[in-house]
Amino acid sequence: MTIADWLMITAVLIGPIISVRLTRYLDNKKEIRERKLNIFKTLMATRSYTVSMDHVMTLNKIDLEFDKKNKKEKDVIEAWKEYLDLLGNKTISPDQWVIKRIDLLVELLYKMAQVLDYDFDKTHIKNSSYSPMAHGEIEEQQKALREGLIDIIEGKKIIPMKITNWPSNEQS
């Protein structure tokens with residue numbers, strides 16, 4: 001047998017193994033990117049509804065999917081840490097807190113956009129989401145209803161009653 005024959009046998013035996021390993025590697029990389037992309041897309045879609053369960057649960061996935069060994073991804077994790085730190089901060093006035101929260105969320109989304117090769121600038125991220133006023137009104141009404149019901153259940157408020165038609169003793 002010649003060297004060419006041995007090379008051919010080796011190629012026939014090793015080729016499929018290399019092919020399968022390469023396919024698995026590429027599929028794994030694609031899956032990792034898809035999970036990061038899902039986080040980004042969900043946060044972008046819910047950036048006007050930051051108290052929604054989807055938004056909150058997705059924020060909590062950042063540490064799981066972004067790798068601090070990668071320079072750009074480390075920037076995402078650092079932006080998330082800064083945002084998370086603010087979310088628990090009760091020392092800032094509410095007006096300043098809201099402004100800073102928006103700025104830090106925009107920064108976080110911007111860093112993610114860079115990692116995922118989206119060409120969004122911070123102005124676009126901040127100003128290009130749609131949130132109908134009716135959603136805010138509904139949320140405020142639901143909050144008022146919940147708080148009122150809790151006050152009634154806890155005995156802090158009573159349900160006012162007014163009798164408009166007192167039954168009479170006369171029977172017609």
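Read the figures in this text as sums done on the coordinates, not as results from a lab. Here the structure is a predicted model, which means the values were calculated and not measured. Every residue, glycine among them, receives a Cβ derived from its backbone with ideal geometry; neighbour counts consider all protein chains shown.
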If the chain between Leu145 and Ile32 were fully extended at 0.36 nm per residue, the gain over the current Cα-Cα distance would be 36.4 nm
When Met161, Met8 are ranked with the fewest other C-beta atoms within 10 Å first, the list becomes Met161, Met8
Counting every C-alpha pair in the range 47-108, the percent lying more than 13 Å apart is 64
Phi angles of the range 27-37, converted by Karplus (6.51 cos²θ - 1.76 cosθ + 1.60, θ = phi - 60°) into ³J(HN,Hα) in whole Hz with x for Gly and Pro, give 5, 5, 4, 5, 5, 4, 5, 4, 5, 5, 5
1/(1 + (r/R0)^6) with r = Cβ-Cβ of Ile138 and Thr50, R0 = 22 Å, i.e. FRET efficiency to nearest 0.05, evaluates to 0.85
Semi-axes in Å, largest first, for the range 1-64 (Cα gyration tensor, √(5λ)) are 49, 8, 6
Using the Kirkwood formula on alpha carbons, the hydrodynamic radius of the chain in angstrom works out to 21.4
The rounded separation in angstrom of the Cα centers of the range 9-34 and the range 41-115 is 35
By Cβ neighbour count within 10 Å, fewest first, Arg21, Arg101 rank Arg21, Arg101
The answer for chymotrypsin sites (Phe, Trp or Tyr not before Pro) in the range 112-172 that fall in a DSSP coil and have at most 12 neighbouring Cβ atoms within 10 Å is Tyr130
